[in-house]
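Visitor: Quick one: the structure is below, and I'll ask about it shortly.
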Amino acid sequence: MSALLEVDDLTAGYGAAPVLHSVRFAIQPGEIVAVLGANGAGKTTLLRTLSGLVRPTRGSVVFDGEDLRGVRVEHLVRRGIAHVPEGRGVVTELTVDENLRLGGLWRRDRADAARALDEVYDLFPALAQRRASAGHQLSGGERQMLALGRALIGRPRLLLLDEPSLGLAPKITAQILALLRDLRERTGLAVLLVEQNVRSALSVADEGIVLALGRVVTRNNAAQLRDDADLRHAYLGF
């Protein structure tokens, strides 16, 4: 099977200061990969680079056989890459329904966009009940559902998900992570997951990538990473 995403020798950062150094990995269709590491390891910068918000200074990102260097952010969305950033990015002045429709503005087939909206409401019944509520009226869990739902409106093939559990109760976090597996099984969605709760991330991921100071330390099966005590103590904090 050909890789959906191939990252090779990726170096990127802010200004003259590189954060990522020669990062290499690949993701297969339908694979959930957790990106792990301490604060400052470069996890969020990696997602921002893959989604086009940070331009790499070296290396390549190939998605479904296409080199993405120079491709604009809005075109990445059309190609099937969705990014849910840390902090969720919900427009608090807009209603739930308006926020979700933002995710489908680029779709030319309005009937298909309407079907995608209905599918998101089916996935998140809590949002369907609050479709007329403004973003600022939602709980933290509902805002995370809204951010995820808005990304799914575009029916992505690769979801870049940054810290979905931030500020949420464990029960809500478990529901969101379980949804990722369900989406993978039903649609073949691939996920690159940055998550502060390492145990939760490894419970849902197929594999994990460990970053330290912007470099890949190791990549391994999620179960093996959980069982590697030396690696956990050195890089993952448990």
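The values are calculated or read from the model by the stated rules, or taken from the named source; none is laboratory data. It should be emphasised that the depicted structure is a prediction, and the values quoted were computed from it without experimental measurement. For neighbour counting, all protein chains shown are included, and Cβ atoms are generated from backbone atoms with ideal geometry for every residue, glycine included.
Conditions tested, residue by residue: (1) within 16 Å of L213 (Cα to Cα); (2) surrounded by fewer than 16 Cβ atoms within 10 Å (Cβ to Cβ); (3) modelled with pLDDT of 95 or more; (4) touching a helix residue (DSSP H, G or I) at 6+ places or on another chain (Cβ under 9 Å).
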residue	(1), (2), (3), (4)
S2	no, yes, no, no
V7	no, no, yes, yes
G30	no, no, yes, yes
G37	yes, no, no, yes
T44	yes, no, yes, no
S60	no, yes, yes, no
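Visitor: Looking only at the stretch 46-86, count every residue that is assigned to a strand (DSSP E or B), among the hydroxyl-bearing types (S, T, Y) and under 17 Å from I27 (Cα atoms) and tell me the total.
Guide: Number of matching residues: 1.
Visitor: Give the stretch 76-91 a look and list any residue that's buried (at least 17 other Cβ atoms within 10 Å of the Cβ) and without any contact (Cβ under 8 Å) to a residue 40 or more places away in the chain, or say none.
Guide: Correct list: L76 only.
Visitor: Working only within the stretch 122-136, note down all residues that are farther than 11 Å from V90 by Cβ and either assigned to a helix (DSSP H, G or I) or of a type in the set (V, I, T) (or both).
Guide: Those that are farther than 11 Å from V90 by Cβ and either assigned to a helix (DSSP H, G or I) or of a type in the set (V, I, T) (or both): D122, L123, P125, A126, L127, A128, Q129.
Visitor: Now for a different question. What are the residue pairs meeting all of these: first residue in the stretch 33-49, first residue at positive phi, second residue crowded, with 24+ Cβ neighbours inside 10 Å and among the hydrophobic types (A, V, I, L, M, F, W, C), Cβ atoms under 7 Å, and 6 or more apart or on different chains?
Guide: G37/V210; G37/L211; G42/L20; G42/L211
Visitor: Right, G167: surrounded by fewer than 19 Cβ atoms within 10 Å (Cβ to Cβ), modelled with pLDDT under 90 and farther than 14 Å from A38 by Cβ or not?
Guide: Criteria met by G167.
Visitor: Answer yes or no as to whether V191 is farther than 24 Å from D64 by Cβ, at pLDDT 90 or above, not polar (S, T, N, Q) and not in a helix (DSSP H, G or I).
Guide: Criteria not met by V191.
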